[in-house]
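The values are calculated or read from the model by the stated rules, or taken from the named source; none is laboratory data. Note that the structure is a prediction, hence the values are computed from the model and not measured. Cβ atoms come from the backbone with ideal geometry, glycine included; neighbour counts cover every protein chain shown. Just so you know, the surface numbers come from the protein's heavy atoms only, side chains and all, with ligands and any DNA or RNA stripped out. Shrake-Rupley method; radii C 1.70, N 1.55, O 1.52, S 1.80 Å.
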Amino acid sequence: MARPIPLRKRLLVRLLITSVLIAICSVAATAWLAVETTTRAIQEEQGQVLTEDMDILRQLSGYAATHRDWSGVGKTVRALSDRTGRRIALTAPDRTPIADSETRNTALPPRAAAAVDPLHTDTFTEPGAQRTGIDPRAVGPFRLPRAERERVRLLAEKRRACFSNNGVQTRITQMPSGRSVLTDEEGTVDGGQVPTPCADGVLNTPTATEEKALAQLNTYGGDCLKRVGGKFPSLFAATVDFTDRSMLTRYVGGKAETGIDTTRDQDKKAQECVDRARRQQLEPYVAPVAELFLGRGDSAVPHFDMSAANKAKVTGVAGLVLALTVAVTVLVATRLVRPLRALTHAAQQPPEQHVRVPVTTQDETGILAVAFNDLADRRERMEAQRKAMVADIAHELRTPLTNIRGWLEVTRDGVVDPDPELLASLHDEAVVLQRVIDDLQDLAAADAGTLRLHREPVRADELLEQVVAAHRVAAEAAGVRLHTAVAASKGADGSHGLHGSDGSDGTPWLDADPVRMRQALGNLVSNAIRHTPADGTITLSSRRHDDEVVFEVADTGSGIAPEDLPSVFERFWRAEKSRSRRTGGSGLGLSIVRQLVTAHGGTVTVTSELGSGSVFTLRLPDAR
């Protein structure tokens, strides 16, 4: 019986697992690719939208910082809307419309995107961010007229040349007020450290316009600074540009200028005074606070445009998944087909070669290979048995035929007379020949499944008595004693039961062909007589065991060698290797026993020990 295949090794399960893995890999790769490309596209679109939003706010904050009102902002709003494809609307804090790029009278978004207030929000210093503070583009009265702007530029050129002669590289940067200053690569004003020959202070001297604006700023913030603490010099007396907050500590007192120490809290309060004063000064020069609303424009249509990089990624991943699928399929198919090809090649070889195939797996294909090898083994054994059987049959038939022919030839030639003794000898040889032919006929019928059985209820004890009676003369001639022993069945209380004619008296019954059973038991008895020495004993017994009737034929003969036990039921097998006929028999008796018992649905086994005898056991179904 074949061993059950583990679930994980079954061919169907392996194919199913392979298909599921390929599907999972494909789905996972597709999902990952979709998420990756979509996420990247959304991030890029969000980043682009955020950049556009910050640029719109920066442009409008710059407009507000350089204009006193919003009267001309409509042109700027429409230009920004055309460039970005966004709806841009400006309203007062109370939702009074100022400008709108949308031509239709549609509702505004529920919330404003940002507030445009250059006096409190700086969108210029750090692009893409909103810093708290005054927009540097809101310069108000500090804006230089053209003449002053040109004069300051010339001074900056002269100072830059001085810096260059002293090994300091700078460039000229124009501030929103129009003043030119020197900055290094890091954006530091005046290059950080000023060479001594260049520290003339001319470039940093306020112009007339700046002096006037500084005086106004001093008026707005002087009282507040005095309340902070200490006596401060004229506010921003040495200022360069008021958009650089890092320089404010130079203008809010200090020990070097006033001899008065200031605390960090005083510096902070002074900074607040300066900011308040600057907002008060710049308020008339900037547009009032406005609310900015952003949305999609009239022609803006949502779309998803896959980039060339994403297209290449999709193509690459699809190709990779396809290649992996093909590779895995080829690998699995090769592993599955290889043993089948080996089986096909072995099956196509000539039968006489008895080719085997290697067993490399434990799945259905491996079991098929094992079955194929077993079939080859059985075919080889059957071929060997067939050849041996032909030789054995020829041997068994040749001996009696040779004897008969020899005696007939010498009788024909007149060498001997056909007396009764000669005729008796010829008759014995004919009987031997007939017995061999009958045995072969029985075996052929059993092999072909045409052996007919005439079943009827049979008592075990009567069957044994009939067998003993038939062989008593032969046993007495050999000096062997025959005995029978029939064990009655026991009841539930352990006593021998007395039942009816169907076995109720305790005797085992079986449903069998009595003639064939006598033949089977008779063959065992004949075999035992031939191998049991004089004064030996042969015991025939029967008993009921569970649902079986067990017959045993035990002798005290020479026994069978352990290495010969597997062969005792083979056809033409004899313990005598010389195949001598001195002990009689054709070598078919035990084979016939096995065939007859098998035809009755039973089994036959043998146990033996050299010098102690043998026990043949027949197990047949009970007739109950």
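What the table below lists for this structure:
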{"read-out": "Residue pairs meeting the criteria (Cβ under 9 Å; at least 6 apart or on separate chains; first without any contact (Cβ under 8 Å) to a residue 40 or more places away in the chain and closer than 14 Å to Glu364 by Cβ, in segment 337-353; second assigned to a helix (DSSP H, G or I) and open to solvent by 80 Å² or more (accessible area, probe 1.4 Å))", "value": "Pro339/Leu368; Leu340/Leu368; Leu343/Leu368"}
{"read-out": "Candidates Glu409, Glu429, Glu456 - the one that is open to solvent by 80 Å² or more (accessible area, probe 1.4 Å) and either more than 30 Å from Glu352 (Cα to Cα) or touching a Cys at 6+ places or on another chain (Cβ under 6 Å) (or both)", "value": "Glu456"}
{"read-out": "Test: residue in segment 130-149 that is surrounded by fewer than 17 Cβ atoms within 10 Å (Cβ to Cβ) and farther than 28 Å from Asp275 by Cβ", "value": "yes"}
{"read-out": "Segment 474-507, subset open to solvent by 90 Å² or more (accessible area, probe 1.4 Å), outside any strand (DSSP E or B) and at pLDDT below 90, residue farthest from Val593 (Cα to Cα)", "value": "Asp493"}
{"read-out": "Which numbered condition Val332 misses (of (1) touching a Leu at 6+ places or on another chain (Cβ under 8 Å); (2) under 30 Å from Thr37 (Cβ atoms))", "value": "(2)"}
{"read-out": "Qualifying positions in segment 326-359 - within 18 Å of Asp374 (Cβ to Cβ), open to solvent by less than 60 Å² (accessible area, probe 1.4 Å) and of a type in the set (Gly, Ala, Ser)", "value": "Ala342, Ala346"}
{"read-out": "Qualifying residues in segment 205-230 (those that are part of a loop (DSSP other than H, G, I, E, B) and surrounded by 15 or more Cβ atoms within 10 Å (Cβ to Cβ)) - the one modelled with the lowest pLDDT", "value": "Gly230"}
{"read-out": "Single match in Ala29, Ala34, Ala23, Ala2 (criterion: modelled with pLDDT of 65 or more and closer than 30 Å to Thr365 by Cβ)", "value": "Ala23"}
{"read-out": "Scan of segment 50-80 for residues that are touching a residue at least 40 places away in the same chain (Cβ under 8 Å), open to solvent by less than 20 Å² (accessible area, probe 1.4 Å) and within 60 Å of the chain's Cα centre (by Cα), ordered by number", "value": "Ile56, Leu57, Leu60, Ser61"}
